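The values are calculated or read from the model by the stated rules, or taken from the named source; none is laboratory data. Nothing here was measured: the structure is a model prediction, and the numbers come from that model. Only protein heavy atoms, including side chains, enter the accessible area calculation; ligands, DNA and RNA are left aside. Shrake-Rupley method; radii C 1.70, N 1.55, O 1.52, S 1.80 Å.
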Amino acid sequence: MSRRSSADGRGSGAPPVPVSRLKDRRFDGYLGHPLPHERDAIVDAVITSYLKAAGPVRQRAIDDLNTRSASVLSVYGQRMASAAVRAGSVDTLRRGLVAVGMAQVRLDDARENLYPLTALNDAASLLGTSLRSLITEVSDSLPPSAIDELHAFDQQQEQDKSLESMGLRRLGSGQTLLYS
C-alpha cells in the first residue's frame with residue numbers, strides 16, 4: 001500500500017475524519033445551537049471525508065456509527081436544510097441528505113429522520129430542485145437500504161411530508177431562515 005493511500009483514508013480502513021468524533025457529548029443540544037456553529041464544521045468534515053472515501057471505507061464508517069452519532073447526523077441534516085436555503089446552496093442540501101442517509105441505517109427509530117427529511121424536502125423546493133432528484137444524485141454514496149427508505153419518504157403524498165404535518169415551521173427568511 002502506498003503512503004498516500006494510507007494517509008488519505010482510502011486504503012487505511014478508516015476515513016480521515018472518523019465518525020467516532022460524532023459520539024462526543026459536546027453534541028448534546030446540537031439542534032438548538034445557532035447557525036452556523038463550530039460543530040457543523042466537525043460534522044461537515046466527517047461527511048466530506050465519507051464522500052471522498054472508497055466504498056468499503058464508507059461501509060466501515062457506517063458500521064462505526066451508533067445511535068448517538070446517527071442522531072448527530074440526523075440533526076445535521078435538518079441544520080443543513082436551513083443553511084442551504086440561507087446560502088442558496090444545493091450542495092449543502094446534498095451533504096445534509098447524505099448525513100440523513102448514513103443515519104437512517106443506525107437510528108433506533110427511523111422516524112427520527114422524518115423531521116430532517118421534511119426540512120430537506122421543503123428546502124429543495126425553495127432552491128428549485130426536488131428531494132427525488134437529490135436522492136438520485138447521492139444514491140451511489142449510500143447503502144441501498146437507506147436509499148430505499150429515502151425514496152419511500154419521497155413517495156408519500158405532499159401533505160404527509162409537509163412542514164405542517166411534522167409540526168415544523170420556517171422561522172425567518174433569507175439569511176435568517178431556520179427550520180424549527
Ellipticity estimate at 222 nm from DSSP helix runs (n ≥ 4, -39,500 (n - 2.57)) divided over the chain, nearest 500
-17500 deg cm²/dmol
Whole-Å distance, taken between Cα centres, linking the range 99-177 and the range 51-92:
12
Hey, any idea what the orientation-averaged projected area of the convex hull of the chain's Cα atoms comes to, in nm²?
9.8
For the chain, which whole percent of the accessible surface, found with a 1.4 angstrom probe, sits on carbon and sulfur atoms?
49
